[in-house]
There are 2 protein chains.
Amino acid sequence: MKGMELAENLARRPGRPLSFDRAAALHQAMLLFWENGYETTSVAELTKAMQITAPSLYTAFGDKERLFLETVEHYQTGTTGTALGLIRKASTGREAASNLLLESAVAFTGRDTPPGCLLASSAATGSAAAAGVRAALTSIRRQIELALRRKTACDMKAGRLAPETDVAALAAFTVATIQGMSVAARDGADRKKLERIAYTALAAWPG
Amino acid sequence: MKGMELAENLARRPGRPLSFDRAAALHQAMLLFWENGYETTSVAELTKAMQITAPSLYTAFGDKERLFLETVEHYQTGTTGTALGLIRKASTGREAASNLLLESAVAFTGRDTPPGCLLASSAATGSAAAAGVRAALTSIRRQIELALRRKTACDMKAGRLAPETDVAALAAFTVATIQGMSVAARDGADRKKLERIAYTALAAWPG
DNA sequence: CCTCTTTCATAGCACTCATTACGAAACCCA
DNA sequence: TGGGTTTCGTAATGAGTGCTATGAAAGAGG
């Protein structure tokens, strides 16, 4: 929600209004970061894809880092719904994992988007200058893992899961497999292959 | 083996010999690529870590791309032994997967190396200029997956595995989980956590 | 209309990028 | 001790990096 502050402040204020569709430009930026990664996407490439000039980018989005972080938010509120939402909606940890895995298989092989997961691939490594961006992505991954672990821990407390079950490992394993599915997608795996990976992973879940 | 050609040609030829330890410099380059990624590691950083000047780097290793590809070879012939070797040594697909998963947990949390897997993280995304490097890494991942699939297919032919088993999915799943373990390691997971992920993944294997 | 505020496009900032001339220095072989 | 060959350190190349100063233009309110 933080990135929206800039967008809100930009709307309805005196002076010349933005001459371009801010949301559309943000979407184009997301696609480019998704495809090429954070540090390895230049501002010149961004302005070309967004069809705006560099000063416009800076007045509308702050700088490259803030633009990226806002694309991450845009990504998380995308069509498939947020990962946390999928977990919340599920009634059991296993169902949450199933939703996450199968939705990932779909999202990572979208027709109108690059392959894989923006959160997984756009800043896997990088220079010290991009440490903040990497930390932000790590934080998101941790949130998802934590939510899944809590959901699964509820199952154990409710007696739906054997007490010796390693719920933390199940959550970490599921998130890890999803990250790996992103790599597979970037390596050319199609939706069917990702779904078979997802179903295989689900076999590790008790119940 | 291809990168060795340059190294072989460099040895025992007329003129002034190299004044530095080529293998040691290569190792330092590997550590830096491992930590920061291919495109996001500059030649200046490389020369500093390798303790050589830029012209020395270029005469000894060709250019940045060939240096990286040679570090990848060096990585694959590292202390843990190659992934393909682990698969070959195993007597069943499940044992191969177990070896891969558990060795990865160790290798991704080494004391003297950056976290995660060089093959997984150093070029997850990037500009078009680095497409060749990404393709090389993709090829390696495919080789490992293929070897694991073949090993597992043998189990099925030998009757050790139910005929309806999806061996391709098992192999793809296992490689994907390993890639995800690399992400987890970079997110700060310790060896114990990776091992618990590995054991959980193993539960998806029949037998 | 005028004023105020903001965005616009042009152009350029200082800096870093990968890569390489250049001449001096070091080694092998004769 | 020479010639031949190569690497050495210094310094620089052109291109690209993220980012911004500048003045003109566009809107809103009076």
Residue in segment B:49-63 that is farthest from B:HIS27 (Cα to Cα), counting only those that are more than 10 Å from DNA strand D (Cβ to nearest atom) and either within 14 Å of chain A (Cβ to nearest Cβ) or open to solvent by less than 20 Å² (accessible area, probe 1.4 Å) (or both): B:GLY62
Conditions: (1) touching a residue at least 40 places away in the same chain (Cβ under 8 Å); (2) open to solvent by less than 40 Å² (accessible area, probe 1.4 Å). B:ALA107 meets all but one. Number of the miss? (1)
Has segment A:11-32 got at least one residue that is under 17 Å from B:ALA129 (Cβ atoms) and modelled with pLDDT of 95 or more? yes
Do we have any residue at all in segment A:124-144 that's within 10 Å of chain B (Cβ to nearest Cβ), assigned to a loop (DSSP other than H, G, I, E, B), under 17 Å from B:GLN179 (Cβ atoms) and more than 12 Å from the chain's Cα centre (by Cα)? yes
How about segment A:145-155: which of its residues are in contact with a helix residue (DSSP H, G or I) (Cβ under 6 Å, 6 or more places away or on another chain) and farther than 20 Å from A:GLN179 by Cβ? A:ALA153, A:ASP155
How many of the residues in segment A:104-123 are hydroxyl-bearing (Ser, Thr, Tyr) and assigned to a helix (DSSP H, G or I)? 2
Please go through segment B:45-60 and pick out each residue that is part of a helix (DSSP H, G or I), in contact with a helix residue (DSSP H, G or I) (Cβ under 7 Å, 6 or more places away or on another chain) and within 9 Å of DNA strand C (Cβ to nearest atom). B:GLU45, B:LEU46, B:THR47, B:ALA54, B:LEU57
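Sort through B:ARG94, B:ARG66 and tell me the only one that's open to solvent by 10 Å² or more (accessible area, probe 1.4 Å) and either part of a loop (DSSP other than H, G, I, E, B) or within 16 Å of DNA strand C (Cβ to nearest atom) (or both). Give the derivation first.
Details: B:ARG94 fails: either part of a loop (DSSP other than H, G, I, E, B) or within 16 Å of DNA strand C (Cβ to nearest atom) (or both).
Answer to the selection: B:ARG66.
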With the condition kept exactly as written, say whether any residue in segment A:12-32 is touching a residue at least 24 places away in the same chain (Cβ under 8 Å), in contact with a helix residue (DSSP H, G or I) (Cβ under 9 Å, 6 or more places away or on another chain) and within 14 Å of chain B (Cβ to nearest Cβ). yes
Return a yes/no flag: does segment B:132-141 have any residue that is β-branched (Val, Ile, Thr) and over 18 Å from B:ALA83 (Cα atoms). yes
May I ask you to list the residues in segment B:25-48 that are more than 27 Å from B:GLN143 (Cβ to Cβ), open to solvent by 60 Å² or more (accessible area, probe 1.4 Å) and more than 10 Å from DNA strand D (Cβ to nearest atom)? B:GLU45, B:LYS48
Could you check segment A:187-198 and list, in sequence order, the residues that are open to solvent by 20 Å² or more (accessible area, probe 1.4 Å), part of a helix (DSSP H, G or I) and within 7 Å of another protein chain (Cβ to nearest Cβ)? A:LYS193, A:ARG196
Are any of the residues in segment A:155-167 modelled with pLDDT of 95 or more and within 7 Å of another protein chain (Cβ to nearest Cβ)? yes
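Restricting to segment A:118-128, give me the number of residues that are surrounded by fewer than 21 Cβ atoms within 10 Å (Cβ to Cβ) and either in contact (Cβ under 8 Å) with a residue 40 or more places away in the chain or under 23 Å from A:ALA172 (Cα atoms) (or both).
Filtering segment A:118-128 for residues surrounded by fewer than 21 Cβ atoms within 10 Å (Cβ to Cβ) gives A:127-128.
Those still in the list that are either in contact (Cβ under 8 Å) with a residue 40 or more places away in the chain or under 23 Å from A:ALA172 (Cα atoms) (or both) too: A:127.
Count: 1.
The values are calculated or read from the model by the stated rules, or taken from the named source; none is laboratory data. Predicted model only: the values in this text are computed from it and were never measured. A quick note on method: Cβ atoms are made from the backbone with ideal geometry, for glycine too, and the neighbour counts reach across all protein chains shown. Heavy atoms of the whole protein, side chains included, go into the accessibility calculation; ligands, DNA and RNA do not. Shrake-Rupley method; radii C 1.70, N 1.55, O 1.52, S 1.80 Å.
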